[in-house]
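Chemist: Before I ask anything, here is the structure I am working with.
The values are calculated or read from the model by the stated rules, or taken from the named source; none is laboratory data. Just so you know, these numbers come straight off a predicted model, no measurement behind them. When we count neighbours, we look across all protein chains shown, and the Cβ atoms used for this are built from the backbone with ideal geometry, even at glycine. Only protein heavy atoms, including side chains, enter the accessible area calculation; ligands, DNA and RNA are left aside. Shrake-Rupley method; radii C 1.70, N 1.55, O 1.52, S 1.80 Å.
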Amino acid sequence: SSINATIWVRPPRADLDGWAEIAGDKAWGYDAALKLFTGRIENWQGPASPYRGKGGKVWSQVAADPPPIAPAMLAAARNLGLPVSDDLNGAREEAVGGFALMNQIIKDGRRMNMAQAYLYPVIDRPNLTVLTRTRVTRLVVENGRVVGIKALRDGAEITLRAAREVVLSLGAIRTPQILMLSGIGDRAHLAQHGIASVLHAPEVGRNFHDHILHGGCIWESPEPVKMKNSAANASGFWKSDPAFDRPDMNIVQIELPYASDAIGKEYGPPASAWALCAGLVDPKSRGEVRLASADPTAKPVVTANFLSDPRDVKSQMAAIDLCRQIGNDPAMKPYAKREAVPGKALDPDAKAQFVRNGATTFFHQVGTARMGKDDGAVVGADLKVKGLAGLRIVDGSIMPRIVTCATMATCVLIGERGADLVLAGK
């Protein structure tokens, strides 16, 4: 929340009800999540709505005073028969998708991150200590129970012991790394690095997936584009196939010529330009996180396997087509001198290569300590690591299937749900 694009967007019903079924717990479903969003999380600055909460911890507002190309994009979407609404959240979550101005965590021109929302108001409590310059290296496990952590602080190793339990919230790359360094993972992989197996959990580090952000559909502007807010103020979600139960495409307008290295070298887009970026938000491709060594300061090895499933390429091809339709709509004419990239319709083979060349990431990595009721899942619905006592995981790594939207709001939801479980002693 401190370095992302400030976008506050909530997952649709299909995502969360899918989690509830996978976890075997309705508390992870959409209706329960909506109560948390409206009753505790959101401080929504727009009109009253049964879908939105006021007075919560997280400031959220519609993009303030957006540049004119943002409403023009929405007009283009409307011209194409796509649903356009006043709020990107709310009713869209129970519909097939839709387009709107972004919700953003920006107040008076300044980012409002989750530290401001949750940590700073309680930072002076005597039962809270925040250690900076401290790197967790592994868990301390005794007789099948996690009783603390080892960490490096200013170059020296320290041990912190837990009175009740340890909660890992390190994200989808570092959380599995710490688990594996502690002997929790696939025993054959751990043996390669000389790490004794504490718990054979083959799924630790697997199921890695992420959202793809395509950098490549670019229009030259007649005059320099004035960037506002996060430079991304309009967006939409849609299905490449009407049979899908949730959107797989996220079209994002970016107020600069956003391009991958490969597309930039091939096309040389103009400096005065804007982009419509095709987002893949329901990827089928899966990768993994593995250790490079038993050294806790060594970076783990992430094999993303982006676009390895042909269904993902097909989805991105459809999203490229939709970007070009929106960008070339008459509503966008005042802001489009020409379509600079790709500049023309592409045949299927060329379009597939264009998809691959333009692939970048939203940095929404999840899934490497997935939740589920099956024996292979790393955590159960209570977020406790299966096979060990005293250890819970509360971060995006527990997502069994990535939500079809930016992940910040969902990670806050996971945090709130995890806090409830910890406080209830469940």
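Chemist: What ³J(HN,Hα) values, in whole Hz, does the Karplus curve 6.51 cos²θ - 1.76 cosθ + 1.60 give for region 105-119 when θ = phi - 60°, with x put for Gly and Pro?
Modeler: Working through the residues one at a time gives 8, 10, 10, 6, x, 10, 5, 10, 8, 6, 5, 5, 6, 10, 8 Hz.
Chemist: Can you tell me which of 202-213, 263-274 comes out highest on packing, and rank the rest after it, using the mean Cβ neighbours within 10 Å? Could the numbers behind the result be given before it?
Modeler: Values: 202-213: 23.7, 263-274: 17.4.
Result, highest mean first: 202-213, 263-274.
Chemist: How big is the Kirkwood radius of the chain, worked out from every pair of different alpha carbons and given in Å to one decimal?
Modeler: Numbers: mean 1/r = 0.0441 Å⁻¹.
Computed over the chain, the radius equals 22.7 Å.
Chemist: Take each of the peptides 78-90, 337-349, 226-238, average the number of other beta-carbon atoms within 10 Å over its residues, and list them starting from the highest.
Modeler: Details: 78-90: 17.2, 337-349: 14.0, 226-238: 21.6.
Highest mean packing first, the order is 226-238, 78-90, 337-349.
Chemist: I've got another one for you. Going by a 4.7 Å Cβ-Cβ cut-off, which cysteines of the chain have no partner at all?
Modeler: When partners are defined as cysteine Cβ atoms under 4.7 Å apart, the chain leaves CYS277, CYS405, CYS411 without one.
Chemist: Same structure, new question: Of all the Cα-Cα pairs you can form in region 268-424, what percent are over 22 Å apart? Display every interim value, and only then the final one.
Modeler: Details: 7027 of 12246 pairs.
Counting every Cα pair in region 268-424, those more than 22 Å apart make up 57 percent.
Chemist: Please state the equivalent ellipsoid semi-axes for region 353-426: what are the square roots of 5 times the Cα gyration tensor eigenvalues, largest first, in whole Å? Don't skip to the end; give the middle numbers.
Modeler: Details: eigenvalues 161, 43, 13 Å².
Working from the Cα gyration tensor, I get semi-axes of 28, 15, 8 Å.
Chemist: Hey, what do the phi angles of region 342-347 turn into as Karplus ³J(HN,Hα) couplings, whole Hz, using 6.51/-1.76/1.60 and θ = phi - 60°, x for Gly and Pro?
Modeler: x, x, 6, 5, 10, 6
Chemist: Could you work out [θ]222 nm for the chain from helices alone, using -39500 (n - 2.57) per DSSP H run of at least four and dividing by all its residues? Round to the nearest 500 deg cm²/dmol. Write out the running numbers ahead of the final one.
Modeler: On the way: 9 runs with 99 residues, N = 426.
Using -39500 (n - 2.57) per qualifying helix, the result is -7000 deg cm²/dmol.
Chemist: Another question, if that's okay. Let me make sure I get this right: for region 236-277, a, b and c are the square roots of the gyration tensor eigenvalues over alpha carbons, sorted descending. Under 1.5 in a/c it's rounded, otherwise prolate if a/b > b/c, else oblate. Which is it? Walk me through the numbers on the way to the answer.
Modeler: Details: a/c = 4.66, a/b = 2.36, b/c = 1.97.
Verdict is prolate for region 236-277.
Chemist: Under a 5 Å amide H to amide H cut-off, with H placed in plane at 1.01 Å, what residues pair with GLY287 once short-range neighbours are removed?
Modeler: ASN207, PHE208, HIS209
Chemist: Separate question: Compute log10 of I(q)/I(0) for region 104-182 with the Debye formula, placing one identical point scatterer on every Cα and leaving out solvent, at q = 0.23 Å⁻¹, to two decimals.
Modeler: Results for region 104-182 at q = 0.23 Å⁻¹ read -1.19.
Chemist: Which three semi-axes in whole Å describe the equivalent ellipsoid of region 245-319, each the square root of 5 times a Cα gyration tensor eigenvalue, listed largest first? Could you put the intermediate results ahead of the total?
Modeler: On the way: eigenvalues 167, 82, 26 Å².
Output for region 245-319: semi-axes of 29, 20, 11 Å.
Chemist: Calculate, in nm to one decimal, what ALA345 and LYS299 gain on full extension: separation in residues at 0.36 nm each, minus their alpha carbon distance. It would help to have the intermediate numbers written out before the result.
Modeler: Working: separation 46, 0.36 × 46 = 16.56 nm, distance 4.14 nm.
Extra length available between ALA345 and LYS299 comes to 12.4 nm.
Chemist: What distance in nm separates the simple spin-label points at ARG286 and ARG145, each placed 7 Å from Cα in the Cβ direction?
Modeler: Going from the ARG286 label point to the ARG145 one covers 3.3 nm.
Chemist: How do LYS386, LYS373 stack up against each other in accessible area, from largest to smallest, with a 1.4 angstrom probe? Before the final figure, lay out the partial values.
Modeler: Details: LYS386 65, LYS373 135 Å².
Descending accessible area places them as LYS373, LYS386.
Chemist: Return the long-range amide H neighbours of LEU256 (sequence gap of 5 or more, or a different chain), with a cut-off of under 5 Å between placed amide H atoms.
Modeler: Those qualifying (amide H under 5 Å, at least 5 residues apart or on another chain) are ALA275.
Chemist: List the DSSP H helices in the chain whose Cα atoms stretch 18 Å or more along the helix axis and whose mean Kyte-Doolittle hydropathy is at least 1.0.
Modeler: Helices meeting the span and hydropathy rule in the chain are 408-424.
Chemist: Using only alpha carbon positions, build the gyration tensor of region 35-81, then give the equivalent ellipsoid semi-axes as the square roots of 5 times its eigenvalues, largest first, whole angstrom. Please list the in-between numbers first.
Modeler: On the way: eigenvalues 157, 34, 10 Å².
So the equivalent ellipsoid measures 28, 13, 7 Å along its semi-axes.
Chemist: Anything over 26 Å Cα to Cα? Flag those among LYS54/LYS284; LYS314/LYS344; LYS107/LYS226; LYS284/LYS337; LYS299/LYS351; LYS228/LYS337, in the order listed. Numbers along the way, then the final one.
Modeler: Numbers: LYS54/LYS284 36 Å; LYS314/LYS344 19 Å; LYS107/LYS226 19 Å; LYS284/LYS337 36 Å; LYS299/LYS351 34 Å; LYS228/LYS337 21 Å.
Pairs exceeding the cut-off: LYS54/LYS284; LYS284/LYS337; LYS299/LYS351.
Chemist: If one computes the Cα centroid of region 309-331 and of region 136-201, what distance in Å separates the two points?
Modeler: Between the Cα centres of region 309-331 and region 136-201 lies a distance of 43 Å.
Chemist: Taking amide H atoms as placed 1.01 Å from N in the peptide plane, list the residues 5 or more away in sequence, or in a different chain, whose amide H sits under 5 Å from that of VAL58.
Modeler: GLU42, ASN43
Chemist: Would region 150-267 count as rounded, prolate or oblate if I go by the C-alpha gyration tensor, calling it rounded below 1.5 in a/c and otherwise prolate when a/b exceeds b/c, oblate otherwise? Before the final figure, lay out the partial values.
Modeler: Details: a/c = 2.61, a/b = 2.07, b/c = 1.26.
Since a/c reaches 1.5 and a/b is larger than b/c, the shape of region 150-267 is classed as prolate.
Chemist: For a protection proxy built on the mean count of beta-carbon atoms within 10 angstrom, sort 290-302, 15-27, 36-48 highest first, please. Before the final figure, lay out the partial values.
Modeler: Numbers: 290-302: 15.0, 15-27: 19.0, 36-48: 17.3.
Highest to lowest by the protection proxy: 15-27, 36-48, 290-302.
Chemist: Taking all protein chains as present, what is the carbon and sulfur share of the accessible area of region 296-370, in % to the nearest whole number, probe 1.4 Å?
Modeler: Working: 1980 of 3700 Å².
The value for region 296-370 is 53 percent carbon and sulfur by accessible area.
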